[in-house]
């Protein structure tokens, strides 16, 4: 009987499991991070999952480990990229199990904002610029370069892991990213995103995990600190400024 072709539509990862019995000590990094220390089995949304939290909360460490466990380059890129400038990624990926359905991701990509410059350089050296329209990513503004990635490198059903994609984007371009994200979700893509942007995390029906000192847990959009702080500031910026600047 002929084998059926595997679907190329997501979800590509159903859940993430930390093999806690293999961890020697939860007092050592990265297992001492609250997000990791409390991790057991973490279900992912079939389309869009957000990790949100303060700087240092561990969301990027977890996202990086997922990308490496998926055999993506720790500094960003797809499985063809092997560049590296500093081996700073943790060993967490070695203790993660990615529970996968019988689907195949035609494309996968890890965007890491803090190392995007190195990734853009590697793209030029390895001859993949045609996938970005042929123009040098270093000859664009930072925001234009990010936008070129979203519009050209992300295409077709795939698994896209994005770490703070808003870093170089204006509010208008963040809205454009939301539209592109929706287009790709409708094509069968799955996204796992760490973000501080209340614009990006507003994507409808997404799963949002809050990363705090208490660990990681689902949180509603309006209950995130990002939404509440931004809304409070915009509702009465003068009160905020008087308090912050003692005026």
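The values are calculated or read from the model by the stated rules, or taken from the named source; none is laboratory data. For clarity, every value in this text was computed on a predicted model and none was experimentally measured. Counting neighbours? That spans all protein chains shown, and the Cβs are built from the backbone with ideal geometry, glycine included.
From (1) farther than 17 Å from residue 103 by Cβ; (2) in contact (Cβ under 8 Å) with a residue 24 or more places away in the chain, pick out the condition that doesn't hold for residue 9. Failing condition for residue 9: (1). For the condition crowded, with 23+ Cβ neighbours inside 10 Å and without any contact (Cβ under 8 Å) to a residue 40 or more places away in the chain, residue 65 qualifies. Collect the residues in segment 5-23 that are modelled with pLDDT of 95 or more and either assigned to a helix (DSSP H, G or I) or over 19 Å from residue 70 (Cα atoms) (or both), keeping them in residue-number order. Result: 20, 21, 22, 23.
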